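Notes follow once the structure below has been shown.
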Amino acid sequence: MMNTDDLDTEHRLDSLYKDLAAADLRPLWTITEQLLTPTPKPKAVPWLWSARTMKPLARRAIDLVPVERGGERRVLSLQNPGLGGRPYAVGTLWGALQCLGPREVAPAHRHTPGAVRFVLEGEGVWTTVNGDACDMRPGDLVLTPSMNWHDHTSSVDGEMFWFDGLDLPMIEALDGVFFEEYPGPGQAQPEPAEHNTSERAHAGASRYTPGSVRDHLSPRHSSLLNYRWADTEKELDRLGAQSDEPLVEVEYVSPDTGASVLPTLACAVHRVRAGRRSKPVRRAGNTVYVVFRGSGSSVIDGQRFDWGPGDMFVAPSWSAVEHAAQERADLFVLSDEPVLRALGIARTEVLDAPQPVTRVFDPR
Ligand code: GTQ
Ligand code: FE2
């Protein structure tokens, strides 16, 4: 039984909370545990989108939905079911499958969010980035940094598929999104006499670093706009020959500064040796994986995700992630790590023991 004093206090507390709400004030002591969590509590969940599901849907979109002003882009965004309908792969990263049909042009525009493209399949397409036509072939990485004009042009009769990664959710969180259509003339920027200007300017320059040793930050993006798969692979082969680790990691860096390719986004390739399993690692910050070649599975917080070429999956901040390859696998990896590093809050933790698998993800 409460005595009169307790009842009085209870009553006064109730009215305090009512009056605080009416005054648009929120007492921290009632919400502190959901705000200041011991470790990150991302709303996004570990998830996988299979190529088997995505590609037929992309083909139907190619048939039914033309790419032109109004539509602009034929892009299927990875919508994480944990994010309550927001169209993001994880809290800080946009990930998507973009496709271009025969001889289509996705019109030029520019925006404050920066983007990277990792080519999965097709040929005869280039992305023009501020006047530089960057040819796209499978395994190539093409950058369209913040506020650079960009359009995509197909010069052939086939279809083209690539992965888009953007920092859109971060720029949205900063209320910093600006977008402009290209003033023309024409939907695309004029095709220059020669393609791949930035690539020629940086011929032979160092553009990779073994993952995890880089320590440079830059508020500027790389001035090299395309990174060729042949070069990436050469670097993976070279590093692979020097170690016997289950996983070899190459990060794409700016030849100018050695920093991440964009101020907000880091791109890497993780090569997992056939029959080997990497140690579980947690990282503060979110990650999107795109399977380029090979097959295997990843365990993320105890859940196993089986994957093959063209599949995309995500590991939210601080989830424990380990990869195992059946055949040697090359995973393209997009992360927000440069932002956490710039803010001095980057951290990783390597776990000693493999995780017990408690669930197997059921792909849709
Ligand atoms: O190709 O310009 O996936 O503006 C999302 C927004 C791709 C693009 C996306 C974009 C683009
Ligand atoms: Fe764009």
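The values are calculated or read from the model by the stated rules, or taken from the named source; none is laboratory data. All values derive from a computational prediction rather than experimental measurement. When we count neighbours, we look across all protein chains shown, and the Cβ atoms used for this are built from the backbone with ideal geometry, even at glycine. Only protein heavy atoms, including side chains, enter the accessible area calculation; ligands, DNA and RNA are left aside. Shrake-Rupley method; radii C 1.70, N 1.55, O 1.52, S 1.80 Å.
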Label point distance in nm, Gln79-Arg103, each placed 7 Å from Cα along Cα→Cβ:
3.4
Theoretical FRET efficiency, 1/(1+(r/R0)^6), r = Cβ-Cβ of Ala284 and Glu121, R0 35 Å, to 0.05:
0.60
Viscosity 0.890 mPa s, 25 °C: Kirkwood-radius Stokes-Einstein D of region 37-188 over Cα pairs, µm²/s
152
Taking only Cα atoms of region 109-166, radius of gyration then Dmax in Å:
10.8, 32
Computed over the chain, the relative contact order (Cα-Cα under 8 Å, seq sep at least six) in percent reads 16
Distance from region 67-109 to region 164-239 (C-alpha centre basis), Å
18
Treating the Cα atoms of region 132-239 as identical point scatterers in vacuum, please give the log10 of the normalised Debye intensity I(q)/I(0) at q = 0.11, 0.15 Å⁻¹, two decimals.
-0.47, -0.87
Mind checking which of Asp215, Asp135, Asp151 has the largest fluctuation in a GNM of the chain, springs on alpha carbons under 10 Å?
Asp215
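Rounded to a whole number, what is D in µm²/s for region 301-364 from Stokes-Einstein with the Kirkwood radius over alpha-carbon pairs (4 °C, 1.567 mPa s)?
Working: Rh = 14.1 Å.
In µm²/s, the coefficient rounds to 92.
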For the chain, average projected area of the Cα convex hull in nm²:
23.5
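If each DSSP helix of 4+ residues adds -39,500 (n - 2.57) and the sum is divided by the residues in the chain, what number results at 222 nm, nearest 500 deg cm²/dmol?
Values: 7 runs with 68 residues, N = 364.
The per-residue figure over the chain is -5500 deg cm²/dmol.
Taking region 220-270, how much of its Cα-Cα pair set, in percent, is spaced more than 14 angstrom apart? Don't jump to the answer; show the numbers that get you there.
Working: 682 of 1275 pairs.
So the pairs more than 14 Å apart make up 53 percent of the total in region 220-270.
Mean separation of Cα pairs under 8 Å and 6+ residues apart, divided by the residue count of region 208-364: what relative contact order is that in percent?
Values: 379 pairs, mean separation 40.1, N = 157.
For region 208-364, the relative contact order is 26 percent.
Taking only protein heavy atoms into account and a 1.4 Å probe, give the accessible area per residue of region 36-177 in Å².
Numbers: 5510 Å² over 142 residues.
Per-residue value: 39 Å².
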Residue list for region 41-61, given a label point 7 angstrom along the Cα-to-Cβ vector of Arg359 and an amide N cut-off under 17 Å
41-50
Mean-square fluctuation maximum in Gaussian network of the chain, Cα pairs under 10 Å, restricted to Gln189, Gln79, Gln34, hits Gln34
Reachable aspartates and glutamates, given that their alpha-carbon falls under 15 Å from the alpha-carbon of Lys234 and they are not under 8 places away in the same chain:
Asp140, Glu249, Glu251, Asp330
Compare Arg60, Arg52, Arg282 in a GNM of the chain, Cα atoms joined below 10 Å, and give the one with the largest fluctuation.
Arg60
For the ranges 83-92, 6-15, 290-299, what's the packing order if you count other beta-carbon atoms within 10 Å of each residue, average per peptide, and put the highest first?
290-299, 83-92, 6-15
